[in-house]
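K.L.:
Here it is, the structure, as structure tokens.
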Amino acid sequence: MAKIDEVKEQVIIGKTKIVPGLVQEALNEGSAAKDILQAMIDGMKIVGDRFSAGEIYVPEMLIAAKAMSKGVEVLKPMLSAEASTSLGTCIIGTVEGDLHDIGKNLVNMMIGSAGFDMVDLGVDQAPNKFIEAIKNNKNVKLVACSALLTTTLPALKKTVDAIKETGLSGFKIIVGGAPVTQKFADEIGADGYAPDAGAAAEKAKSIIAA
Ligand code: B1M
């Protein structure tokens, strides 16, 4: 079995200690960092499907997530490059009620490498936490909100509404996460939407220049 396939298999079964070494071996074998990342994302899709089918439970999802996070750490230097100039500050977080952070962390890394100074609020962040961060940080140009559950889509809307209601300006709001669509982003009045971390970095740059 190719190392990249082993990475995927070991992520699925949550082998936190083994995955980083396998990721390094896959790199040594010549696999591209983005392909290894995609293999891990595909692995998480299988984990999600097994959860939906009742074959595994929350603890198994959690250890798979930990294993993937450890693998991403190895890839980080290859996926992100330090930009020399700052495009401003980006506040990023997962919305209230939502504990998923792997996708948000990838978006953080990619927007950061596009040239933004990142302020990561973490997961389960109420609208007022985003607002406080906008007020307390200098030169905020972008707010990036992630949601992974259909049940937290309303929290995404609540967050965008609350930020807009403050009347604060000078920044754009982008949203994303598996259940989020361009249509939903438009409906809730977000300035932008991106389907994945790479697209989020592109959107971040283009939207603040518009
Ligand atoms: Co949960 N979970 N989970 N989970 N989990 C999903 C999302 C689910 C699809 C699994 C399934 O049933 N098939 C399902 C949601 C169903 C739905 O809403 N329709 C689900 C469920 C139901 C739940 C619980 C409710 C389970 C329960 O308790 N009964 C519970 C909710 C807890 C909560 O949040 N309140 C729960 C809990 C958890 C864990 C904590 C155990 C763990 C998360 C740990 C962690 O994140 N540290 C977990 C995991 C691991 C998953 C799956 C298996 C993997 C998620 C992941 O990391 N994917 C997931 C199934 C799946 O996604 N296939 C599932 C890899 C990651 C790279 O992809 O996060 O989609 P993703 O990010 C992408 C894009 O979405 C996008 O870019 C990223 C990649 O480039 N993106 C953005 C993300 N944010 C963006 C922001 C942007 C732009 C793009 O701009 C700002």
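K.L.:
For Met40, all conditions in the list (1) within 8 Å of the ligand (Cβ to nearest atom); (2) under 30 Å from Asn139 (Cβ atoms) hold save one; what is the number of the exception?
P.N.:
The number of the failed condition is (2).
K.L.:
If a residue must be under 30 Å from Ile4 (Cα atoms), part of a strand (DSSP E or B) and more than 10 Å from the ligand (Cβ to nearest atom), how many such residues does region 66-96 contain?
P.N.:
Going through region 66-96 one residue at a time, the tally reaches 0.
K.L.:
Residues in region 102-111: is at least one basic (Lys, Arg) and either without any contact (Cβ under 8 Å) to a residue 60 or more places away in the chain or within 23 Å of Thr181 (Cβ to Cβ) (or both)?
P.N.:
yes
K.L.:
Using the structure shown, decide if Ser146 is polar (S, T, N, Q) and in contact (Cβ under 8 Å) with a residue 40 or more places away in the chain.
P.N.:
yes
Every residue, every condition in (1) among the acidic types (Asp, Glu); (2) under 13 Å from the mean Cα position of the chain (by Cα); (3) in the same structural domain as Met109 (by TED's automatic domain parsing), yes or no:
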residue	(1), (2), (3)
Lys141	no, no, yes
Cys145	no, yes, yes
Leu168	no, no, yes
Phe184	no, no, yes
Ile188	no, no, yes
Asp196	yes, yes, yes
Ala201	no, yes, yes
Lys205	no, no, yes
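K.L.:
Is it true that Gly122 is outside the structural domain of Glu73 (by TED's automatic domain parsing), surrounded by fewer than 17 Cβ atoms within 10 Å (Cβ to Cβ), of a type outside the set (Asp, Glu) and within 14 Å of the ligand (Cβ to nearest atom)?
P.N.:
So Gly122 passes the test.
K.L.:
The conditions are (1) closer than 29 Å to Thr85 by Cα; (2) more than 10 Å from the ligand (Cβ to nearest atom); (3) in a helix (DSSP H, G or I), and Lys141 fails exactly one of them. Which is it?
P.N.:
(3)
K.L.:
Assess whether Ile134 counts as being touching a Leu at 6+ places or on another chain (Cβ under 9 Å) and near the ligand (Cβ under 8 Å from one of its atoms).
P.N.:
Against the criterion (touching a Leu at 6+ places or on another chain (Cβ under 9 Å) and near the ligand (Cβ under 8 Å from one of its atoms)), Ile134 does not qualify.
The values are calculated or read from the model by the stated rules, or taken from the named source; none is laboratory data. Predicted, not measured: the structure shown is a model, and the values here were computed from it. Reconstructed Cβ throughout: ideal geometry from the backbone, glycine too, with neighbour counts over all protein chains shown.
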